[in-house]
Amino acid sequence: MNSKNNQLPARRREPMTDTQLLLTITICIFFVMYVAAILIWGGGFKKPQMLFDMLNDNAFLIIISCGLTIVMITGSIDISVGGVTALVAMVGVMILNGTLFEGLIASMHLAAAGRIVFAVVVSVLIGLAFGAVQGFLIAHLEIQPFIITLAGMFFARGMITILSVDPQKAPQDLMDILQKRIEIEWLGSVNKKGVLIPAKMEIGVVIALVIVVLVFLLLRKHRLGRSFYAVGGNRQSALMLGVNVRKTRFMAHLICGLLSGIAGFVFMMHTGAGNATNATAAEMNAIASSIIGGTLLTGGVGNVIGTFFGVLTLSTIKAIVTTSGLRDPWWQSITTGAMLAFFIVLQSVVLMGKNKRRRKSEEDK
């Protein structure tokens, strides 16, 4: 028997999905940008601590960007996340310093650890409350997401000033617990005196990374995650496939609210302060990070790993602008806007080219 006839047919290589393609582009651009920063500006970019500082400063942004990615995959939007984050941070600080729920905390005889746990529970409940109310109005009453979440943003910001007009600060003894850093010696750097300075990472970064992994598994492995993509791709088709569109949209906003509550507490862990100006423009940065990460505003396409690299890309741009001596805040806004426009155009061009090749191959068949 001819040996050639015994050979198995070559396995056909599956083409990359839109989500995988945009994710690959985002990761490549981030690494090219960071390597260029190391080669051109050097300095802090050569030290691993620079990357850890980006993560420390943006752990809360990673979390709310994960929530926004889920919402945007379903074809919706939530611009209340920054306001909710700021509100939760203020509430958390006021619980820790005893100016909020003072009587309840005293009656429960809560020690330092107990007060922290109580603040975490309240933070999660606030996020869930915003997510549940907004999700119900959007999914069941079919009110425009932009309008509802805009109202949620104003409500959250207004509640901050009602709670306290003056900035609040958490007690230092509690912040010493919350701001403990994980030291990583093998990623450290040697200073001019020859002393090894270990790289330091905040607990909030660990929380953010765990959430990225959990959301990734939700989107890839769970039925609810596949429903998010189905609803964002085509609601009518999703209905025909047996997907509960209303429940899916509600769950997307509920999870987004939950993550906003967690992000608020992580923000408070990082800053130790509550202020009406906290997390200003965080919702815009989260949307920008999601788009840079390959999530389409039209829905149906997105990846939380891409969102994570979107946050890092945005942080790298800001670090490059600052290192270049352009410290005025509007330069960061200009570069962020330019980069966002670049990624939107890039996504459109890449997807249009891919769709043309797909149609041509179908015609050739």
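Ile207 falls short on exactly one of the conditions (1) touching a helix residue (DSSP H, G or I) at 6+ places or on another chain (Cβ under 7 Å); (2) open to solvent by less than 50 Å² (accessible area, probe 1.4 Å); (3) touching a residue at least 40 places away in the same chain (Cβ under 8 Å), and that condition is (2).
Here Gly98 meets the list (1) open to solvent by less than 80 Å² (accessible area, probe 1.4 Å); (2) assigned to a helix (DSSP H, G or I) almost entirely, failing just condition (2). Ile182 meets the conditions (1) over 19 Å from Leu259 (Cβ atoms); (2) surrounded by fewer than 13 Cβ atoms within 10 Å (Cβ to Cβ); (3) hydrophobic (A, V, I, L, M, F, W, C) in every case but one. The failed one is (2).
Going through (1) surrounded by fewer than 19 Cβ atoms within 10 Å (Cβ to Cβ); (2) in contact with a strand residue (DSSP E or B) (Cβ under 9 Å, 6 or more places away or on another chain); (3) not in a strand (DSSP E or B) one by one, Gly194 falls short only on (2). Every condition in (1) of a type in the set (Gly, Ala, Ser); (2) out of contact with any strand residue (DSSP E or B) (no Cβ under 9 Å at 6 or more places or on another chain); (3) buried (at least 20 other Cβ atoms within 10 Å of the Cβ) holds for Gly274 except the one numbered (2).
Here Trp330 passes the criteria (1) in contact (Cβ under 8 Å) with a residue 60 or more places away in the chain; (2) open to solvent by 30 Å² or more (accessible area, probe 1.4 Å) except the one numbered (1). Hey, among the residues in the stretch 277-296 that are more than 20 Å from Tyr229 (Cβ to Cβ) and not small (Gly, Ala, Ser), which one's surrounded by the fewest Cβ atoms within 10 Å (Cβ to Cβ)? Checked the stretch 277-296; the qualifying residue surrounded by the fewest Cβ atoms within 10 Å (Cβ to Cβ) is Thr277. When the stretch 255-291 is filtered for residues that are over 13 Å from Leu87 (Cα atoms) and modelled with pLDDT under 90, only Ala281 remains.
One line per residue, one yes/no per condition, for (1) over 18 Å from the mean Cα position of the chain (by Cα); (2) aliphatic (A, V, I, L, M); (3) modelled with pLDDT of 80 or more; (4) open to solvent by 30 Å² or more (accessible area, probe 1.4 Å):
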residue: Lys4; (1), (2), (3), (4): yes, no, no, yes
residue: Ile27; (1), (2), (3), (4): no, yes, yes, yes
residue: Phe31; (1), (2), (3), (4): yes, no, yes, yes
residue: Ala37; (1), (2), (3), (4): yes, yes, yes, no
residue: Phe45; (1), (2), (3), (4): yes, no, yes, no
residue: Met54; (1), (2), (3), (4): no, yes, yes, no
residue: Leu61; (1), (2), (3), (4): no, yes, yes, no
residue: Thr69; (1), (2), (3), (4): no, no, yes, no
residue: Thr74; (1), (2), (3), (4): no, no, yes, no
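From the list Leu174, Leu125, the lone residue that is within 22 Å of Ile207 (Cβ to Cβ), among the aliphatic types (A, V, I, L, M), open to solvent by 100 Å² or more (accessible area, probe 1.4 Å) and touching a residue at least 40 places away in the same chain (Cβ under 8 Å) is Leu125. For beta carbons closer than 8 Å, sequence separation of 6+ or different chains, a first residue in the stretch 87-110 that is farther than 13 Å from Val121 by Cβ and in contact (Cβ under 8 Å) with a residue 60 or more places away in the chain and a second that is assigned to a helix (DSSP H, G or I) and polar (S, T, N, Q), the qualifying pairs are Ala89/Thr271.
Going by what's in this entry, would Met339 be described as under 21 Å from the mean Cα position of the chain (by Cα) and either at negative phi or loosely packed, with under 10 Cβ neighbours inside 10 Å (or both)?
Working: under 21 Å from the mean Cα position of the chain (by Cα): yes; either at negative phi or loosely packed, with under 10 Cβ neighbours inside 10 Å (or both): yes.
Yes, satisfied.
Inspect all residues belonging to the stretch 298-319 and state whether any of them is part of a helix (DSSP H, G or I), free of Cβ contacts under 8 Å to residues at least 60 places away in the same chain and open to solvent by 10 Å² or more (accessible area, probe 1.4 Å). Among the residues of the stretch 298-319, at least one is part of a helix (DSSP H, G or I), free of Cβ contacts under 8 Å to residues at least 60 places away in the same chain and open to solvent by 10 Å² or more (accessible area, probe 1.4 Å), which makes the answer yes. What residue, of Ile116, Ile138, Ile162, is within 24 Å of Ala282 (Cβ to Cβ), open to solvent by 30 Å² or more (accessible area, probe 1.4 Å) and not in a loop (DSSP other than H, G, I, E, B)? When all the criteria are applied, what remains is Ile162.
The values are calculated or read from the model by the stated rules, or taken from the named source; none is laboratory data. The model shown is predicted, which means the values in this text are computed figures rather than measured ones. Glycine gets a Cβ as well: all are built from the backbone with ideal geometry, and neighbour counts include every protein chain shown. For accessibility, only protein heavy atoms count, side chains too; no ligands or nucleic acids. Shrake-Rupley method; radii C 1.70, N 1.55, O 1.52, S 1.80 Å.
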